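Below is one structure, written out as structure tokens; the observations come after it.
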Amino acid sequence: MEVTFALQKLAAYKPRQSRKSKETFESGLALLEHGSYAKKGETGWDEVEKLALAALDQGNTEVADVRTFALSIYVTPPDAAVALYAPQRCLKILADKFPDSPRVDVLTGIRMEATERPEVVLRYYDELLEEDSSRAAIWRRKAHVLRQMGKIDKAVEELSAMLDTFYTEVEGWLELADIYLTCQQYTYALQSLSHALLLSPQNPSYFLQFAETAYLAEDIPLALKMFLQTVDMTDDDDGEMAPSDSIPSGITLRAWFGVKLLITEPRAASSSASQTSPPTTSNLSALDNLSTERLRTAYLDLKNESPPVAEGDLITALTALVK
Amino acid sequence: MVLTRSPPKKMPRKAIREQRALVRSQILRATSANSPLPPSYYKAISQYLSQAFADGTYLKDGPPKADAPASAPPNPLTDPGAMEGMMAGMKTQMVMMVPQMIIMGWINFFFQGFVLIKLPFPLTLGFKSMLQRGVETPDMDVRWVSSLSWYFLNFFGLNGLYRLILGGENAADSSRDMTTPFAAAAAAAPQPGQAQDYNKLFKAERDNLEFSEGLHTWVAQDVDKRILQKYGRIPADGK
């Protein structure tokens, strides 16, 4: 539990950092040491690229933040210098093998982002884009660098232009939504998220994100329906257990928590900007009962003790659990 | 084949944008019957796209001017891009010809002067040059077929049989290689010869968008009821 908690903290610290990058880094490093990447054929090169990214991911956070470093002490952190050194080596290997590859260009750019000043990286990207204006990956990195530099308006402009051309980049839409969220532009964030939903309607986490953003945008009925939709998608109703006997966890638990919060909210039946009709009053109270019961089940399972009786206490207790 | 293929042409941003705008509306339409988006959001996107198609926002050269004449499709011979596409086809053909010629020469060399079969039916003298190539005897009956002629007869004659037995797109079908370079170029993917008139495609897509908008159902429309039924809180309505 402790380690997962620490890892979750880590993940929250830098949203793009994947928890897997450490694993990738460690196993990849062995690959690099033995030089066996070349023998593995096509996939070997992929591995080297992944290793470079993972190492950058690790190196960055560890150099940048001592606190994260201390938190990650559980899993024997590699030396920070090695972490920054490895991508350099990977890059060299890849650049030797594929001299004109656009993918290596992107990787070089990301490597530069880690150490160079943003202006330098930006110039590098601009040069690449001038050469060939249709490179989506470079374009996106450019928007990202602009964002890091604090030029949010320019970043949004670039990112929207890119998404207007390359509509199918789900990650791009998510990043745009994220930028809007940091500026409290919830309606715009919802619109960006809706494109992500269109592009991958099978992913419940986008529904959850949409619901949470709708909540921030004060469109309570919309948020409620979206939370319920997330529940509907994620509760394991194909299993042998009846849904009412299952224990909500992970994304389902979070969605139930959202449902509960929204129903206790006095604005639950208020009007919505998207003209979503709220559930009937009888359904609302039934949902209230159901969500409380679900949350209690989850609490009992996670903590192994009986949940607090008062609803307010239950919500407070669960707040820490669903973070 | 790999050697002769020219690298894929890089497209400028605007061209990609034009080309992919349709995909965008197709993605939207594909979800409409079970859409993840609530009606207002769906309508906003759908109407935005429809308006953009009507105004020609996504056209490569910007919105068409009102007073401009209905543009004729550009002449493929003046467009360097299209020309390149045609040349690529021709180049491939040229290279394909080389092994053909070598094989032909080889066969000519080895099988000259052999008589291979005797046809079971008589033929007029006119077929002599066709059936007895490589055997220069003026007196021989036309029913005797020389090996070289037999090779050519089979080479061209069996294609129909191959197609019948092996299906349309089989490797043994050499008639594909025998088509003219222009036909090959025209059959190549996006028809380099005639540029697509995206303006017309966009206009057509508007109708599709409108149609899908009518079909739109939000997947979460009755989700509260569905959840309550699933967890046995309200009775299922007879379904």
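Just a few scattered comments:
- Qualifying positions in segment A:304-316 - free of Cβ contacts under 8 Å to residues at least 40 places away in the same chain and either open to solvent by less than 50 Å² (accessible area, probe 1.4 Å) or not in a helix (DSSP H, G or I) (or both): A:Asn304, A:Glu305, A:Ser306, A:Pro307, A:Pro308, A:Val309, A:Ala310, A:Gly312, A:Leu314
- Which listed residue is at pLDDT below 85 and under 30 Å from B:Ala21 (Cβ atoms), from A:Ala273, A:Ala196, A:Ala189, A:Ala242: A:Ala273
- Whenever a residue of segment B:222-234 is more than 13 Å from A:Leu284 (Cα to Cα) and more than 7 Å from chain A (Cβ to nearest Cβ), it has no partner that is among the basic types (Lys, Arg) and surrounded by fewer than 21 Cβ atoms within 10 Å (Cβ to Cβ) lying with C-beta atoms less than 7 angstrom away and at least six residues away or across chains.
- Qualifying residue in segment B:39-50 (condition: open to solvent by less than 20 Å² (accessible area, probe 1.4 Å), in a helix (DSSP H, G or I), of a type in the set (A, V, I, L, M) and more than 8 Å from chain A (Cβ to nearest Cβ)): yes
- Every residue from segment A:100-138 that is closer than 19 Å to A:Thr168 by Cα and touching a Phe, Trp or Tyr at 6+ places or on another chain (Cβ under 8 Å): A:Ala136, A:Ile138
- Residue match in segment B:63-86 (condition: modelled with pLDDT of 80 or more and surrounded by 12 or more Cβ atoms within 10 Å (Cβ to Cβ)): no
- Candidates A:Leu181, A:Leu176 - the one that is part of a helix (DSSP H, G or I), open to solvent by 10 Å² or more (accessible area, probe 1.4 Å) and either more than 9 Å from every other protein chain (Cβ to nearest Cβ) or within 17 Å of B:Gln221 (Cα to Cα) (or both): A:Leu181
- Only listed residue being facing chain B (nearest Cβ under 9 Å) and farther than 16 Å from A:Thr252 by Cβ, chosen from A:Leu228, A:Leu197, A:Leu193: A:Leu197
- Unmet criterion (only one of (1) open to solvent by less than 40 Å² (accessible area, probe 1.4 Å); (2) within 7 Å of another protein chain (Cβ to nearest Cβ)) for B:Phe202: (2)
- Looking at A:Asp232, A:Asp301, just one residue is in a helix (DSSP H, G or I), open to solvent by 50 Å² or more (accessible area, probe 1.4 Å) and at pLDDT 80 or above, and that residue is A:Asp301.
The values are calculated or read from the model by the stated rules, or taken from the named source; none is laboratory data. This structure is a prediction, so every number in the text was calculated from the model and none was measured. No Cβ is skipped: glycine too gets one built from the backbone with ideal geometry, and neighbour counts run over all protein chains shown. We work out accessible area using only protein heavy atoms, side chains counted, and drop any ligands, DNA or RNA first. Shrake-Rupley method; radii C 1.70, N 1.55, O 1.52, S 1.80 Å.
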